[in-house]
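What follows is one structure encoded as structure tokens, with my remarks underneath.
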Amino acid sequence: QLPFQNNIIIKNPSDKNSWSGTTLPWMSIGYELELSPLHMLTFYNAIANNGEMLCPKLVTAVFDGDKMIESFPVKVISKQICSDKTIQLIKPLMTEVIERGTAKNIKSNKYSIAGKTGTCEVEYWKGYSNENKRYRASFAGFFPAENPKYSCIVVVNDFTDPSGNNHYGGSIAAPVFKEISDKVFA
């Protein structure tokens, strides 16, 4: 099992020192939060699992030939992160990201993918010039969308895009996800 510390920072409106008039709109697009990629993957994996949040792990068991040496049981973090109705509303939206949205470039004819792109400016408060802005691009998703077996997150961190046109999660991180998912699916 991977270590899974809960060091998430989500601002609370009752904390007057950290909350401002722009906090809520910035939080809605992912700024002013501190979440690790592992936390994000755990969240999207819970959506894939119809609301059941599991502790992330890389393998289920270790074998030597036919002999199992060690197994790693599933650890449930939360039986239900939200209502079934909410999950059933979210899943088609995540599929639409690939069908017609910001990651349509990774659509596959062999299997379906559900996911979400992410793009942010790194250290935006430092006011870099356009040529020196640094970005983080991500894609988190699961496949096959209708009966998920795998979830994955790809984060490309701290890069510059002098052209200003190719720093988005859909164009940078999603193709890496697709390359991984194609190989796993094969």
### Summary
Picking from V59, V97, V76, the residue that is open to solvent by less than 80 Å² (accessible area, probe 1.4 Å), within 21 Å of the chain's Cα centre (by Cα) and more than 23 Å from F177 (Cβ to Cβ) would be V76
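Going through region 98-124 one residue at a time, which ones are aliphatic (A, V, I, L, M), under 15 Å from I172 (Cβ atoms) and in a helix (DSSP H, G or I)? Steps first, answer last, please.
So in region 98-124, the residues aliphatic (A, V, I, L, M) come out as 98, 103, 106, 113-114, 122.
Retained after the next criterion (residues that are under 15 Å from I172 (Cβ atoms)): 103, 106, 122.
Matches in region 98-124: I106 only.
Return a yes/no flag: does region 86-95 have any residue that is of a type in the set (S, T, N, Q) and over 20 Å from P144 (Cβ atoms). Let's see the steps before the verdict.
If we filter region 86-95 for residues that are of a type in the set (S, T, N, Q), which is where we start, we get 86, 88, 95.
Narrowing further to those that are over 20 Å from P144 (Cβ atoms): 86.
Within region 86-95 (the criterion being of a type in the set (S, T, N, Q) and over 20 Å from P144 (Cβ atoms)), the answer is yes, since at least one residue qualifies.
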### Query
So which residues in region 154-178 are under 25 Å from L54 (Cα atoms) and either open to solvent by 40 Å² or more (accessible area, probe 1.4 Å) or charged (D, E, K, R) (or both), if there are any at all?
V155, V156, V176, K178
### Query
Quick one: what pairs do we get from region 160-186, first residue under 16 Å from P37 (Cα atoms), second of a type outside the set (S, T, N, Q) and assigned to a helix (DSSP H, G or I), C-beta under 6 Å, 6+ apart or different chains?
A174/I106
#### Entry: Residue pairs meeting the criteria (Cβ under 7 Å; at least 6 apart or on separate chains; first open to solvent by 60 Å² or more (accessible area, probe 1.4 Å), in region 117-131; second at pLDDT 65 or above)
Y128/R134; N130/G164; E131/P162
### Query
Hey, P92 hits all of (1) open to solvent by 90 Å² or more (accessible area, probe 1.4 Å); (2) assigned to a helix (DSSP H, G or I) but one; which does it fall short on?
(1)
### Message
I need every pair where a residue in region 93-115 that is under 17 Å from A137 (Cα atoms) has its Cβ under 9 Å from the Cβ of a residue that is open to solvent by 70 Å² or more (accessible area, probe 1.4 Å) and hydroxyl-bearing (S, T, Y), sequence separation at least 6 or different chains.
### Response
T102/Y168
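The values are calculated or read from the model by the stated rules, or taken from the named source; none is laboratory data. Predicted model only: the values in this text are computed from it and were never measured. Note: ideal-geometry Cβ built from the backbone for every residue, glycine included; neighbour counts use all protein chains shown. Side chains are part of the model used for accessible areas, which takes the heavy atoms of the whole protein and leaves out ligands, DNA and RNA. Shrake-Rupley method; radii C 1.70, N 1.55, O 1.52, S 1.80 Å.
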